[in-house]
Each structure stands twice: as C-alpha cells, then as structure tokens.
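Data first, discussion second: the structure below is written as structure tokens.
Quick note: the coordinates plus some simple rules give every number you see, no bench work behind them. None of these values were measured; they are calculated from a predicted model. Reconstructed Cβ throughout: ideal geometry from the backbone, glycine too, with neighbour counts over all protein chains shown.
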Amino acid sequence: MDRLRLATVWLGGCSGCHMSFLDLDEYLITLAEVADIVYCPIIDAKEYPRDVDVALVEGAVANEENREMLLRVRERTKFLIAFGDCAGAGNVTAMRNPLGDPESVLARSYVDTAEPPSSPPVAAGIVPILLPRVLPIHRVVNVDLFLQGCPPSAPRIRNVLEQIVAGRRPPFDDMVVRFG
Amino acid sequence: MTRRIVIDPVTRIEGHAKITIHFDDDGRLADARFHVTEFRGFEKFCEGRPFWEMPGITARVCGICPVSHLMASAKAGDEILAVEIPPSADKLRRLMNLAQIVQSHALSFFHMSAPDLLLGFDADPATRNLFGLVAAEPDLARRGIRLRQFGQEIIEHLGGKKIHPDWAVPGGVGKPLTPESRAAIAAKVDEAKTTAIIALERFKPLLDVYADERDNFGDFPSLFLGLVGPDGAWENYGGKLRFVDHDGTIVADQIPASEYRDHIAEVVQPDSYLKSPYYRPRGPVDGVYRVGPLARLNVCSHFGVPLADRELAEYRDRGGRTPSSSFWYHYARLIEILAGVEMIERLLDDPDLLDHHPRSHAQVNRLEGVGVSEAPRGTLFHHYRVDRDGILQNVNLIIATGQNNLAMNRTMLQIARRWIPDFRPVPEGVLNRLEAGIRSFDPCLSCSTHAVGTMPLIVQLVASDGTTLSEVRRD
Ligand code: SF4
C-alpha cells in the first residue's frame, strides 16, 4: 500500500489545534511509520505539495494569504478536514467580525496603544491585507470532515487518523462533533 | 537596481512570518528584516465583555502558551477584585506555570531547533525536522516528546485539559490537585530530570562546534528584562520587574507591574504586525531589550534549586555574567527546563496543593488591574480597565515575543552580514541560518499579533530598488 501523504495547515488560529496534534506524543512516531508528513509548521516545506491525501486545516480565513492558501490546499488535497472550532465555525478568530471593518481593530492596536501613535502596517506583498470578515473555511471551500473542539483533544485526533490510516471514513459521532 | 531575497514562510517557529533581505544598487547588503504577517485584534474585541471571561478568551491568543495568558489574566483579575488569593492558589498557579515552561521549552528545543543543532544547519531540509530526528536519534527524540508530555500532563491534571484549560480565575484557581494526580506527576519527575541533563550535555559542545553561529546569531549589547524575587532570585509567576544593562548592571529594580508604562513604550514598524516595545527612558534606539530565557538568566542572581544552580555557575563560567549572543537562548532554555523540573518536584511535597479552598471570592473593588507573568518566551503583561459592573473598557496586552522584535531584526541583519554580504545565489543552508536565528528566540507569533490574525514567515533577498532576488516562503 502507498504511504499516506498527510499535511497540516495553519490559517487564522492560535496554533492550539496544532499543539493538540503534537500532544499525540509517541503516536507521532507510530504515525510516521505509515504516513509521510509532507507539509506542517514543524517541517521545512515552503510550498504546499501536490497529491496530498489528507489535510488537517486549523484556523479561520482572516486575510488574503489565508484565502489563497486554502484554495491551493483544496485543489491539491483529496480529503480536507476542518480542524477545530476556528476552522469549522470561526470561533475566537471571528470575534472581530461584529466590530465591522478591520480598520477600527487595527487602529486600536497600532494607533491608540502605540507611542507615538502610528498607522497600521502597510508593506505590499509582505504584510497581508485583512479580509473584511473572518470566515470559517467551509465558506470558502468544500470540507470533507469537521473535527470540532477548541482544540480537539489528542485522543479524538488520533481516533480520526487511525480510521483514515485503516482506510475508513471516520463516522459522524461524538468523537468528531464536540465543540469547545 | 536594488534586489531582495524573501523567506516565506519561516518554518519551525510558532506563527506566520517572513524574512526579507535587501541589497543596494551595487548588490551590497542593505538591510534584513523580520515581518510578522498575522493580526487578530484581541485588544479591541475584548472591550465590552466581562473581565471574568478574560482568562478563557485570552488563553486563545495562543495555543502554545495558553497557560501564560491564563496567569497574567487571572492576576490582572485579582487586582480588580483587590483580594489576596489563598496561598494554595498561589502555589497551584506556580505549579502550572512551571509545567508550561517545561513543555514549551521542550517543544522549542526538541521539535523546533534540535533538527538544526543535532542534524546540522545544512542538513537536507526534507529530513531536517522532528521526524528526521526520530530516525537519526530515536532515543533522544522520544525523550524530548516525553518531556513535553510531562509538562502537558501536569497542566491536564490541574486544569482538566492540556490546551486552554479554564482553571485559573480572578481570585484563585478552580480546583486543587488530587492525591492521585500528585502521585502520577511525582512518578515521572526522575525521567524528566534525566532528559534535561542529557540535553544539556549534548548542547554544551555545540557552543564550540557552531562558534560561527554562536558569534553571529544576534550577538550585541542590549538591556534585559525579567521578573525576579525580592532577593533577586529567578522568578516565573510572582516577583517584580528588573531591567539590567548589557554588562549586568541593574538599571531598574523591583518595579511593580502596575508601573510598567513608566518603563515600557511601544512603536509600530510599517512592515510588520508585530509592535516593538522599548525601554522608555532610553528611547527606541538605545532602549532595545530582550526577554525570555537568556534575559531571565541575565537578570537573576540564582535559581534556588541545586542542579540548576550548578548549571548556572557553569554557564556563567563559559559565557560571562550576561552572555550577549542570542544563540545562548538555547542553553538558557535547557537550564530552565532543569530548574522547572526541580521546582515542580519540590512543590509537590507541599500539602497546600491539596487544599480544598483555593479561591477568594469578591466583586469589583478596583477599576484597573495589571497582571504580569513570565511566559516561556518572556515577560507578559495584561492591563485591563473595567467599569463598576466589571465590563472591560480598555485592554492592553504586551506580549513576550513583541519585546524581542527589535532584537530579532538586529539578529537578521547580523546573520545576513556574515553569510550574504552581497547579492548572489545562496545555498538553502544559509537561508536556514536566518530562520534558525529567529528560532533561537522561540518567538510565538500567534501571541505577538494578539492584536488580529496568523503568521507565515517569508525570507526575501531583495535588491535596493525592491526587486525580489529570491524568496523562501512558508504559508
Ligand atoms: S479552535 Fe481553539 S485551539 Fe484551535 S485554533 Fe481556534 S482558538 Fe485555537
């Protein structure tokens, strides 16, 4: 059997979902025996590769770079998992939405609290532009599975991965759908 | 024509960032910059919410050090209640914060930086990672994973969850430790201590093996900031602020958190979402200071636990009273792991940890509170203003990593000067050194851009007219 090509992606989130992935602890070693981790914040791949079997996507879509990245991930991935509550529902990352446009949020951080008061950062091509509203990933692409939680605990992540490694689609049960 | 190299994203760090390297018309190095590309806006969207929610919300600033935010937030809340928390709560919070330092430092060393340090800066990028380390050094890699697990399990024993536990609250903590949990933690102390010692012994010879990196990864004089106890001892949860100069001279001492504004101001860089704090009395140029393991060891007199104190003495024999190279962050971090494990071991004997009343109850008694704690990567401030009903009117967070922003930029320039003095094709290993320079600080960019977003890292090699020469990115 071909080795599974697994990726993890970090969009607008706190990395807590990735930390929970690392909480797989020694199962990570077992996982590496049957799967290649082809893209992940802890490996040095700079470009999202083609022909990825499974991707865990953490975080909501908060800026233009997140959006472009997510579209690329969808195009190159067979089975895309919304990993955690930010990806699946916006969660904390989307808490800026009720404030309206990003300008007021930026102003608070870069004008009101900076000395001397400044203006928000602008550097074309370097600092990405914020989207008017933060979106959960299913508003941008199709999602194959929602693994909820803030973050989903390591045993729940392991449950999903073990089923995928065994060639099964994880059932839609309490191990998958549980917020918070 | 001016040119630039872009590294995008920077990998094996906590967050989204880019590095750009700029060259002038003659192809000579002009500047190298570190950019954080993530923004989330916590300061703004917390306004109008009850301060009681803040430990739970601000923990979500960051999944790597949620506990640090929990502590700073709960301490700011204690100030607003104007209560003295029970001694048991103080000790329980300390236990969790130490566990947090151990797990986060283990992550920084084993998962993020050991691939550079033990496999080599020029090793094949395809295997220069944790999984490559598992293949090359299975025993050490497994030990590193289990050390992080040791810290994470203590957090889970106390807070019920490894990440984002809702446990510390204004006035104390939710639950004490159970005798079963205490026994389970105690059973793993020896292994954790051994792992810390093994890692230290592996690291020390690298100071000579990588002499070039040691002398060029951000070696410059700066101020250092950290919490210390009343006697100048190393602190992580309590204590007051101390600034020391590059030669170890104490510049300001025993500053209460509430006076942080007299000492720290923040500037904005036009090309990064990361703000840059500086030591106010000296201004943004001369007021550059560093925080985190290197700074904490430079500001403190001693740890107060035997093995770590012996290591500290050796560290100072090798590097002087206040080592100035950021490469020493790794060394300082490993000593802090050992100190953390020793302090956890000592704390576990304290019967107060099992006390059933680890919380003081009160309502809003003060309209302002500042909480400070040492996150693994440095000093963290939460400053809240509330109305009579406890509704937040104003929130300011000064995040550990932000305070290293100016120093990280200087580090980029120094590394670029050493390895890319003029524009030419550079081997991947050189670009990796720029990233490794950032990794030594163990920045946490989800934290630092608490203000709003995520953080990819890009390193760009740029000519002075802005043309990008080459670019390495991680999204
Ligand atoms: S779901 Fe929770 S843990 Fe995951 S990125 Fe969002 S806030 Fe962090």
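With coordinates expressed along the principal axes, the C-alpha atoms belonging to the stretch B:271-389 extend over 54, 48, 24 Å, beginning with the largest. Give me the angle, in degrees from 0 to 90, between the Cα long axis of helix B:328-348 and the longest principal axis of the Cα atoms of chain B, rounded to the nearest 10. That helix lies at roughly 20 degrees to the long axis. With the simple model of a label 7 Å out from the Cα in the direction of the Cβ, A:R178 to A:R72 spans 3.5 nm.
Based on alpha carbons, the Rg and Dmax found for the stretch B:389-449 are 17.0, 62 Å.
By the beta-carbon count within 10 Å of each Cβ, the least crowded to most crowded order of B:H105, B:H246, B:H16, B:H361, fewest first, is B:H361, B:H246, B:H105, B:H16.
Return the calculated 222 nm mean residue ellipticity for chain B, to the nearest 500 deg cm²/dmol, obtained by summing -39500 (n - 2.57) across DSSP H runs with n ≥ 4 and dividing by the residue count.
Numbers: 17 runs with 187 residues, N = 475.
So the helix-based figure for chain B works out to -12000 deg cm²/dmol.
R0 = 51 Å: FRET efficiency of B:R202 with B:D389, Cβ-based, nearest 0.05? After rounding, the FRET efficiency stands at 0.40.
Peptide B:42-49 has a mean shielding of 5, counted as Cβ atoms of other protein chains within 10 Å of each residue's Cβ. Taking only the C-alpha atoms of the protein assembly as shown, the Rg (one decimal) and the largest Cα-Cα distance, Dmax (whole number), read 22.8, 70 Å.
Residues whose amide H lies under 5 Å from that of A:F79, counting only those 5 or more places away or on a different chain, are A:V54, A:A55; hydrogens are built 1.01 Å from N in the peptide plane.
List the relative contact order of the stretch B:288-398 as a percent without decimals, with contacts defined as Cα pairs under 8 Å and 6+ residues apart.
Details: 104 pairs, mean separation 27.4, N = 111.
So the answer I get is 25 percent.
When you filter the GluC sites (Glu not before Pro) in the stretch A:1-72 for DSSP loop state and at most 16 other Cβ atoms inside 10 Å of their Cβ, you are left with A:E26, A:E47. Between the amide H of A:A45 and those of A:C40, distances stay under 5 Å, these residues lying 5 or more places away or on another chain, with hydrogens modeled in the peptide plane.
Within the stretch B:381-412, the trypsin sites (Lys or Arg not before Pro) that combine a DSSP coil assignment with at most 10 other C-beta atoms in a 10 angstrom radius are B:R388.
Can you tell me the orientation of helix B:87-106 relative to chain B, as the angle in degrees between its alpha-carbon axis and the longest Cα principal axis, to the nearest 10? Computed tilt is about 20 degrees.
Please compute, for peptide A:4-15, the average count of beta-carbon atoms on other protein chains lying within 10 Å of each residue's beta-carbon. The partial results should precede the final answer.
Numbers: counts 0, 0, 0, 0, 0, 1, 12, 6, 9, 6, 19, 15.
Counting other chains' Cβ atoms within 10 Å and averaging over A:4-15 gives 6.
The string of couplings for the stretch B:197-206 from the Karplus curve (6.51, -1.76, 1.60, θ = phi - 60°) is 5, 4, 5, 4, 5, 5, 6, 3, x, 5 Hz, one whole number per residue in order, with x for Gly and Pro. Taking θ as phi - 60° and the Karplus parameters 6.51, -1.76 and 1.60, the scalar couplings of the stretch B:414-422 work out to 5, 5, 4, 4, 6, 10, 9, x, 9 Hz in sequence order, x denoting glycine and proline. Apply 1/(1 + (r/R0)^6) to the Cβ-Cβ distance of A:Q163 and A:E26, taking R0 = 30 Å, and write down the FRET efficiency to the nearest 0.05. Approximately 0.95, to the nearest 0.05. Across peptide B:109-122, the mean count of Cβ atoms from other chains lying within 10 Å of each residue's own Cβ comes to 1.
What ranking of A:D2, B:D78, B:D442, B:D245 emerges when the number of other C-beta atoms within 10 Å of each C-beta is taken as an exposure proxy, fewest first? Mind dumping the intermediate values first?
On the way: A:D2 6, B:D78 24, B:D442 27, B:D245 17.
By the 10 Å Cβ count, ascending, the order reads A:D2, B:D245, B:D78, B:D442.
From Cα pairs below 8 angstrom and at least 6 apart in sequence, can you work out the relative contact order of the stretch B:191-276, rounded to a whole percent? Result for the stretch B:191-276 is 15 percent. The Cα atoms of the stretch B:332-427 cover 64, 42, 16 Å along the three principal axes, with the biggest extent listed first.
What the phi angles of the stretch B:171-182 give under the Karplus curve with 6.51, -1.76 and 1.60, with θ = phi - 60°, is a coupling list of x, x, 9, x, 9, x, 7, 8, x, 5, 5, 4 Hz, glycine and proline written as x. Look at the alpha carbon pairs under 8 Å that are at least 6 residues apart: their mean separation over the length of the stretch B:130-261 gives a relative contact order of 12 percent. The Cα trace of the stretch B:84-176 gives Rg and Dmax of 17.0, 54 Å, the first to one decimal, the second as a whole number.
Annotation: amide H-H contacts under 5 Å for B:N394 (H modelled 1.01 Å from N, sequence separation of 5 or more, or interchain): B:R385. With Cα atoms defining each centre, the stretch A:4-19 and the stretch B:253-313 are spaced 31 Å apart in the structure.
Over the stretch B:5-145, the Kirkwood radius and the radius of gyration, each from Cα atoms, give a ratio Rg/Rh of 1.10. Dividing the convex hull volume of the alpha-carbon atoms in chain B by its residue count gives 124 Å³ per residue.
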